[in-house]
Structure formats: C-alpha cells, structure tokens
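Some notes on the structure that comes next.
The values are calculated or read from the model by the stated rules, or taken from the named source; none is laboratory data. In this text, all values refer to a predicted model and were calculated from it rather than measured experimentally. Positions of Cβ are generated from backbone atoms using ideal geometry, with glycine treated the same way; all protein chains shown enter the neighbour counts. Ligands, DNA and RNA are excluded from the accessible area calculation, which covers all protein heavy atoms including side chains. Shrake-Rupley method; radii C 1.70, N 1.55, O 1.52, S 1.80 Å.
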Amino acid sequence: MDTNASLRRIPSVDELLKSASAGAAIERFGRPAVTEALRAAVADLRNEVRKGRNLPARENIIAAALARLDAGDQSTLRPLFNLTGTVLHTNLGRALLAQAAIDAATAAMREAVSLEFALESGKRGERDDHVRALICELTGAEDATIVNNNAAAVLLVLNSLASGKEAIVSRGELIEIGGAFRMPDIMARAGVRLVEVGTTNRTHARDYSNAAGPDTGLILKVHTSNYRIEGFTKEVGARELAGIARKNGVPLVNDLGSGTLTDLTRFGIAHEPTVREAISEGADIVTFSGDKLLGGPQTGFIVGRKALIETINRNPMKRALRVDKIRLAALEATLRLYRDPDRLSERLPTMRLLTRSRGDIDAQAQRLAPAVEHALEGAFRVSIIACDSQIGSGALPLSTVPSAGLALIPIERSGRVLAELAAALRQLPVPVIGRIERGSLVLDLRCLEDEAGFVANFAGVIPHFKGGFDDEPS
Ligand SMILES: *Cc1c(COP(=O)(O)O)cnc(C)c1O
C-alpha cells in the first residue's frame, strides 16, 4: 500500500476516543490527558508512516498512547530504600517520622484544628503556643518560636536582631552547609554586615573583644557541623563568648545546626552539643533543625530569651517563614516523645536506626545475602561486609556508627557494570539506593526495616539490568 493511502487510513483522535480502552483510560486519567496522549501518538505515527512503517492495528495505537500516560502517571517523589549508609540523608528527605507524629499530622490534614485559636478563652491564639512550653521544658530556654527550617531560623534571627549592624563571626566558622546555604550570603541577605575575626584555625577572645563596638548587633557562634579543623587550633568557647557579648550589650546567637534534645552518649553515639547545654552556656538565642538528629519534620527552632523572641516574632519576615498545621502537629508529637528519653530508641525512627548494633545488622545481612545473590542470576557475587554508617546532615561529621551490609561484586569486571547495576536498582518499583565503593556496589543495611518487602522488590532486578560486560573498561 502506498504511503499516502496509509496516511489516510490513520484513525482520527475522535474515532480513537470512542474505543472501549480509551474510555477506560478516561476514567483513570481524565479526558484532556487521554486526548493529548492520543494526539501525540497519532502525530508520531504519521511521521513513522511517512518513513515507511506499516500501519499498526487501531488497538496498538491506543496501547502506545496509554503506555505513555502510565509512565507519566508515576510520581517523581517516591518512597525508596535508603541503603546509602547515611541515616539523615538530606537528598533522601532526612528524618523518618515517628508513628505518633504521622498520626498527629494525618489528623491535622483531615480536620479543622485549633491552630491559632485558644480553646479556653475562645480568643485568637498563636501557633507557637502548641509547642512553646514543651520546648522550654526540654531545653531550659525562656521562649521559643518555630519556622520553616534552620536556614530560615538563622536568616530571621540575623535580620531581626542585627539588620543594618554588624555580626561578629570567627573565620573558622563561616560554613557552607551545601546548596545555597553559605553564612556570608545569608548575612548579606539579612542586611547584616559580616565582621570576620581570627584566622581559619585560630580565633582568640581578644579578636571578638577588639571587633566589638557601637555598630555591633550580635555575636554569632556557628557549630561547624560538616567539618572539623584539627591540629594547631583555638576556638573561643560559648561560655566565654557569652561574657564578651554581655560586656558589649549584644546577644550571643549560637547556630547549633543539628543540635539534639538529649545526650546521645546514652545511645552509644558520640556527643553532639545539646540545646540545653548551649542555653546553659549563656547563649541568648539558639537555632537548630527539626529534621536532623531531633528526628521530626522539617522545621527550624529559635529558642532563648523572651524579649529577643518577641522582637523576632514582630519581624514581618516571620509570617513568610512560618510552618503549617501539618508540620506543627508532627513536631509537637515528636517533641512529646522526648519526655521519656529511655524509650526514644523504640519510638523515634532516627534513634532506632542510629542505635541498631552491627551484630543485628550483620545477622540481617546473613539472612538477605542468598536471596540477593539469587536475584542477580550469577552476574554478581554477594559478600557480607562490615562498614560504617554516617549520621548525615552535617551532624558529627567525623564519627561513624559500625554497621554491616552487602557488597555486590561483578563476576566479570568492566567499567560500567556497577553504574548499570546502580541504574537497575533505581528502576525497581521501590528504588534501592546504595553506594559504589572499591569495585562493588555496597548496600548498608542499617536503614532497612522492611526485609520481606525488600526481598520481593529486589527479585525483579534482572530485567532492568542491561549488563555492561561488552563495554570498554574505563
Ligand atoms: C544544617 C544546618 C543549617 C541549615 O539547616 P536546615 O534545617 O537544613 O535549613 C544551618 N546551620 C548549621 C550549622 C547547620 O548544620
């Protein structure tokens, strides 16, 4: 049949829309999306027929359009197995919430809530009222307010307390957290002039004292969350800095970053400064994250002196940085768990995952190895290894937690085989994210709780794995 005759026989979109399968698709995706998909399929087909393709059956045209709709229907924000070995992975969403927090958030999503409404008086309330007392109880602070995240907390504090003035910071603490969070840039956007004192490795008390003057708005101490300066170093402790700040009549702000509400050494994790310690060392304001070690939803805490918190709350920027009812509900439920620190490791996923012992994880690796090796159909050897997990999100950058995992080692080595295996794992119904390390793909099992789900999911890996054996080694 000649090309022109074939082109004339391509069904119209309207005709295709009348078919039973298109009707079923309309139920699922809606008429506009199905119409658009059929239009695209018909346009593609027209091009292909011009290039000599034979006209396919009508049902195949529809099937091609529906396959495209199906593929596009999958959310890009998907649950996955975080087997990277980094428990609080910023790119993978940081903390997993406690069941109590999930329940509270769900209720807040479904119902009207007393968000800014005082039930006792019937008058307008404040959103911070739901967590203020709890935060003060847990940290020893006089007052508290909650914003979108810790970056927002730092921005709001700087702008509220030192706009048009100077903030004194040690050169050794001018951090970049990743992405666009660099302390000097945040200062500039907050309208604060940065005064750097000391050197990268050593800052003395006199450096702060000499820099302080009539233009000083505050002294800022920043927890060097994601690096350590070691060797010939000197930093001024918070207690001494608080004295210098007081002498100069300005507040000391301590940005703890992760911060924690409980002493982690009780769980066998290295000590990370607690918010209570920072307050008792004399900081006037302390800022920290809700979704790092604290294990709650993304939020930023500003805690400290009442008069300063009141100033911060009067800043119109506060309105732009506030949290919604869903996160506030989840946060309140999370904070409540800290009243019983002995049960945190059962109830709070972040603590539960961080405190799993190497022995426990190793036993899990022994159980899983045969199923994983079987699923890989002889292309990889699976070896049980000891490894080290990281806490992540900048908390305790140099201390790791002993863990165990599976190393997937290619039987035939070639440059791309590991990258292709990693790609296949990302294409699983529940993507599996590991890390490539010394010639193997390592799955650190610290964060794996749903073992049966993992095995069922992993069984489908080979169809996604194209194999890289023929490629040039790189
Ligand atoms: C993580 C961190 C921040 C930013 O906190 P987010 O919750 O990511 O907004 C700010 N300062 C320090 C020291 C941090 O570690």
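Here are a few things to note about the model shown:
- DSSP finds beta bridges in the chain, and of those with both partners inside it, around 60 percent are antiparallel.
- In a fully extended conformation the segment linking residue 9 and residue 40 would gain 9.5 nm over its present Cα-Cα distance, using 0.36 nm per residue.
- Whether segment 62-191 is rounded, prolate or oblate, judged on the alpha carbon gyration tensor where a/c under 1.5 counts as rounded: oblate
- Cα-based shape type of segment 221-368, given that a ≥ b ≥ c are square roots of the gyration tensor eigenvalues and the cut on a/c is 1.5: oblate
- Ellipticity estimate at 222 nm from DSSP helix runs (n ≥ 4, -39,500 (n - 2.57)) divided over the chain, nearest 500: -12000 deg cm²/dmol
- Those trypsin sites (Lys or Arg not before Pro) in segment 24-87 that DSSP places in a loop and that have at most 11 other beta carbons within 10 Å: 51
- Under 14 Å of direct C-alpha separation, and excluding same-chain neighbours fewer than eight residues apart, residue 292 reaches these aspartates and glutamates: 255, 272.
- Projected label distance in nm at residue 60 and residue 377, using a 7 Å step from Cα toward the beta-carbon: 2.6 nm
- Solvent-accessible surface of segment 99-343, averaged per residue with a 1.4 angstrom probe and all protein chains in place: 44 square angstrom.
- Extreme residue, positive dipole direction of segment 265-399, given options 351, 376, 298 (C-beta unit charges): 298
- For the chain, leaving out every one of the GluC sites (Glu not before Pro) that falls in a DSSP loop and has at most 10 other Cβ atoms within 10 Å, the longest unbroken run is 231-376.
- Charge-dipole axis of the chain as Lys and Arg at +1 and Asp and Glu at -1 on Cβ define it, positive-most pick from 152, 411, 105: 152
- The magnitude of the dipole of segment 3-73, with charges of +1 and -1 set on the Cβ of Lys/Arg and Asp/Glu and taken from the Cα centre, is near 380 debye.
- Subset of 165/247; 221/325; 165/234; 165/221; 247/306; 234/306 violating a 22 Å alpha-carbon distance limit: 221/325; 165/234; 234/306
- The calculated FRET efficiency for the pair residue 319 and residue 227, based on their C-beta separation and a Förster distance of 30 Å, comes to about 0.30.
- Extension gain, residue 99 back to residue 185 (0.36 nm per residue minus Cα-Cα distance, nm): 27.2 nm
- Approximating the spin labels as points 7 Å out from Cα along Cα→Cβ, the residue 70-to-residue 419 distance works out to 3.0 nm.
- Segment 299-395 - percent of accessible surface contributed by carbon and sulfur, probe 1.4 Å: 49 percent
- Which of 259, 125, 169, positive extreme of dipole for the chain (C-beta unit charges): 125
- Separation of the residue 266 and residue 19 label points, Cα + 7 Å toward Cβ, nm: 6.5 nm
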